[in-house]
Amino acid sequence: MPQQRVAATLGISVEAVVARLEPSQRRSKQEAARLSAEQQGDLLPQEEIVARYVQGATMTELGKLYGVHPTTIRRRIPDDLIRGRAPGPRPRSGRVLVEEEVRRRYAAGESAYALAREFGVSVHTIRARIPAADWRGRPAEEASAPPPRPVRPGPGGVRMVLALSDEEILARYQAGQSATAIGRAAGVDCRTILRRIPEHERRSHLQAQRLNRPAPNVDADTIRALRARGLTWEAIAAETGLSAKTIRARA
């Protein structure tokens, strides 16, 4: 059993479990990861996974369904059933890629990085096969923001002319946008934006952290209550819209 499950079973913290183990009894991270993968793999219904894959389900969809990484799903599917691959060694160029499958899986939610890893190509190769209208990239209005223009130095030194006026910068900041987000839209560093905001309007580090924190209502008590109902970390993450790593950190 992993340390987290032992702690949950006994109703104590993970630190308390570790403190009661001799150094020679503690597993390394690599050994714990290997053991966890083997335990997960033993519980997976391979025939059912292969059948669903043959019927059209993607590895990412199956990974979400069974609560494992798509790579774990990939190891349970015979090589001759993998879609979009020629028989033999793993392809190293985009020539053998099936563009229709790449586009369909990308539109279904798979990332370009996951597709690149699976097909053994670069992200740029995957990007070249996705229509520009379907690409989930940086918004055009932000990417095309004109660079700031320097003007003649005045008594106070050089002052940059930004794509956003000082009034619009302050309005966006008061509406809740961070200096980093405003700077990205104006094409400048966040420190340049902060210099345009009056001292009394600037948020403290703690205020900014609270404002920009995703799902602030999901605190430790909420997570413990969901865990008491029997939900896994992954289930809580799916319900709250956060990652499993964030859920564990807040708990």
(request) Using a 1.4 Å probe and counting only protein heavy atoms, arrange Arg103, Arg5 so the residue with the most accessible area comes first. (result) Arg5, Arg103
(request) Using only protein heavy atoms and a 1.4 Å probe, report how much of Tyr66 is accessible, in Å² to the nearest 10. (result) 50 Å²
(request) Quick one: order Met1, Met59 from most to least accessible surface, probe 1.4 Å. (result) Met1, Met59
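The values are calculated or read from the model by the stated rules, or taken from the named source; none is laboratory data. Note that the structure is a prediction, hence the values are computed from the model and not measured. Ligands, DNA and RNA are excluded from the accessible area calculation, which covers all protein heavy atoms including side chains. Shrake-Rupley method; radii C 1.70, N 1.55, O 1.52, S 1.80 Å.
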